[in-house]
């Protein structure tokens, strides 16, 4: 008999012979709508036509009705029956609550199953797409148990069981709320993220302010910061650019004066002054076009 070593074997005739070519890839959680003893009585009868692999009682007792080598008649879907391990839980009706002992026993059982099938952690896909290795009975196609196991009176606390099982496995199955409230070096993740978001917004606001153009000063604070930046030789970038601009203006003035002098000389010598001036101007412009001015900061 394959199963959890701590389960009480009860044996039921209500199961498939083998798993019909399927391999185990999930656990299906059920709730009994009753107590363990009454469920055991039903599952013992072949006329009842149903049984789960396991059942967990309010005192933590675990019964096993079907060998894990066989698919159980539990999910109303042969593929799910033959690819899953099914667990019933006491509760689901008035006067029969799900107890802490039951939650702990179920978590121990789920962790034991996960270890035997090589699953490092357990997870439930709440979207209903059944991509996790924990499936709820109401999510199985073909079932009419729409409240099983977590949408009924005295319902099964699915997340508690999964989280506890993952603690036993040493895994990590934190949901979004767990991550949001996780304490990192004395600061919750939510506060850290909110602080980062606030800092980003403040930075964006400050950059916008610095980039605004002042029509009176014909400058922006950001531009002034750039102009005040020190460069090689201890000068400020703004001063260096202003110096380059001044020298360029001086050079243009000198070129204009030189052109006029050439015109006067050419006229005195009987040459075409406009042609000579044009030649000189073109040569100077070529030199200016090839002129490269590089500002570096080696500090």
One residue from 112, 125 being modelled with pLDDT under 95 and either surrounded by fewer than 19 Cβ atoms within 10 Å (Cβ to Cβ) or within 32 Å of the chain's Cα centre (by Cα) (or both): 125
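Can you find even one residue in region 101-110 that is part of a loop (DSSP other than H, G, I, E, B), closer than 16 Å to residue 30 by Cα and either in contact with a strand residue (DSSP E or B) (Cβ under 9 Å, 6 or more places away or on another chain) or assigned by TED's automatic domain parsing to the domain that holds residue 34 (or both)? Spell out the reasoning first.
Restricting attention to region 101-110, the residues satisfying the condition of being part of a loop (DSSP other than H, G, I, E, B) are none.
Within region 101-110, none of the residues are part of a loop (DSSP other than H, G, I, E, B), closer than 16 Å to residue 30 by Cα and either in contact with a strand residue (DSSP E or B) (Cβ under 9 Å, 6 or more places away or on another chain) or assigned by TED's automatic domain parsing to the domain that holds residue 34 (or both).
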Assigned by TED's automatic domain parsing to the domain that holds residue 62, modelled with pLDDT of 95 or more and out of contact with any helix residue (DSSP H, G or I) (no Cβ under 8 Å at 6 or more places or on another chain), is that true of residue 134? no
Under 6 Å by Cβ, and 6 or more places apart or on different chains, what pairs join a residue from region 128-139 that is free of Cβ contacts under 8 Å to residues at least 40 places away in the same chain with one that is assigned to a helix (DSSP H, G or I)? 128/139
Filter result (out of contact with any helix residue (DSSP H, G or I) (no Cβ under 7 Å at 6 or more places or on another chain) and more than 14 Å from residue 64 (Cβ to Cβ)) within region 1-34: 17, 18, 21, 31, 33, 34
Among the residues that make up region 146-161, is at least one of them outside any loop (DSSP other than H, G, I, E, B) and buried (at least 24 other Cβ atoms within 10 Å of the Cβ)? yes
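The values are calculated or read from the model by the stated rules, or taken from the named source; none is laboratory data. Quantities reported herein were computed from a predicted structural model and do not represent experimental measurements. Counting neighbours? That spans all protein chains shown, and the Cβs are built from the backbone with ideal geometry, glycine included.
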